[in-house]
Amino acid sequence: MIKIQMHELGDQLILQVEGRLAGAFVPELESCWRAARANQPNRKISVDLKSVTCIDRSGRYLLQLMPGNGVSFINACLATQDMLEQIMGQLECKD
């Protein structure tokens, strides 16, 4: 199960994700992110990963796409931070 809440903080939109970023739940976050980007293309978007309990391969792939499209990540636990650092390192190597 996944729960995504949207919070506006000044000129920034925060997508607060709770639960599993895995399987059939990944498209839900992608839809929220793409809709937010389409509504306000220049708005800063952050994804709060503090309450994410699991990330599978498809979730990792989505998280890999997001930074190249103006998204930052906040409040990740240590394991998630490590995974994000690996993803960001892979992106830097591709340049």
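See the values below:
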quantity	calculated
Segment Cys54-Ser31, extension gain: residue separation times 0.36 nm, minus the distance between their alpha carbons	6.4 nm
Where Met66, Met88 fall by accessible area, highest first, once all protein chains stay in place (1.4 Å)	Met88, Met66
Loop-resident sites, region 10-95, for trypsin sites (Lys or Arg not before Pro), counting at most 13 other Cβ within 10 Å (DSSP)	Arg43
Cut-off 16 Å, label 7 Å out along Cα→Cβ of Lys3, residues of region 15-34 by amide N	15-21, 29
Largest-first ordering by accessible area, 1.4 Å probe, given options Asp82, Asp56, Asp11	Asp11, Asp82, Asp56
Helical contribution to [θ] at 222 nm, DSSP H n ≥ 4, -39,500 (n - 2.57), averaged over the chain, rounded to 500	-13500 deg cm²/dmol
Cβ-Cβ FRET estimate between Glu85 and Gln12, R0 fixed at 35 Å, reported to 0.05	0.95
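The values are calculated or read from the model by the stated rules, or taken from the named source; none is laboratory data. Predicted, not measured: the structure shown is a model, and the values here were computed from it. Positions of Cβ are backbone-derived with ideal geometry, glycine not excepted, and every protein chain shown enters the neighbour counts. Side chains are part of the model used for accessible areas, which takes the heavy atoms of the whole protein and leaves out ligands, DNA and RNA. Shrake-Rupley method; radii C 1.70, N 1.55, O 1.52, S 1.80 Å.
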